[in-house]
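Visitor: There's a structure below that I have some questions on.
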Amino acid sequence: MKEIVFMKFLFCVFIFLLCASSVHTQPVVPLTAMQLIAQVKSEAVQSFAPDAELVQILFTEFLYMGSTLTLNPAAGSANGWLYRFHSESLGTERLYFAYKNFKTVVIEAPPGTAQIPAYPVSMYVPLRDSVLDSPQALLAVKAGGANAFLQAHTTAKIVRATAFVNPDAGSVFPVGTLWAFWFAAGLDTLRCTIDAVSGTSVDCALLTSTDMPLSDAEFQVLPLYPNPVNGELHLTLRGMHGPTTMLLYNMVGEIVFWKLVDIGETSITLNTSAIDRGTYLLVLRSATGTQTQRIIVMHR
């Protein structure tokens, strides 16, 4: 009897893995930033708020459904885009992730949406339809200074790209409607910004980490504490060059939390009060490497 039950269990596991593999390996169609925008806007109005306004388009390199998101540095297309919407009436925001395989368009709200920082958006100004699509924006960014970096760094990749409106004169970005791209190669990261309507170059800046000298830099996550954790988890990063993505996976590979970590943000606090008790993998991916640590969440 036990053998029959065990064989049924193995059969169920096999069917689950087969279905999961089929979902994860479906070919994904490369998309420009604007290709699915009408569908995403419709979804936001229906499932979020009638007054939902698009305030940011975002690509960031991170692991999703078993695949790493990438943005083609030659074509300006990606295998997935994020869209941030804000509702004035609700006083809150919602993020949608959109991609397409050969069968269907998938639009969903990633887990942990409310905890994802609105970088570099700090004030919610609607992003209008006159914004350049990602291929045209990438061409303008290259002409504005990125080509020299790409020629000197043949292995460079795009780790982040975003279109947004910046109304804050005190920001590191100029006031206006902008596209910004981050190119990473080894320890070097170049951020280039253009006017997202006209394509006029704004600036290109080489970014470096300030917490360690370049010659000694190695991406590290110093011992996090407390672990096991019941409440707030604290961690410190060193040797971070360029944008870093932090993801928390449960033991079946689902993302339960993720956040974008910017240069200069070396101390991070993760509140685990809304996360179920259990064992998780904390993954941090930067241009200089990937770090993985196991954490245990224990609620009293």
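Values in this text are rule-based calculations from the coordinates and carry no lab data. Note that the structure is a prediction, hence the values are computed from the model and not measured.
Visitor: What translational diffusion coefficient, to the nearest whole µm²/s, does the range 37-207 have by Stokes-Einstein, given a Kirkwood radius computed over alpha-carbon pairs, a temperature of 37 °C and 0.692 mPa s viscosity? Please list the in-between numbers first.
Guide: Values: Rh = 16.6 Å.
In µm²/s, the coefficient rounds to 198.
Visitor: Can you give the relative contact order of the range 37-207 as a percent, counting alpha carbon pairs under 8 Å and 6+ residues apart?
Guide: On the way: 332 pairs, mean separation 33.8, N = 171.
Dividing the mean separation by the residue count of the range 37-207 yields 20 percent.
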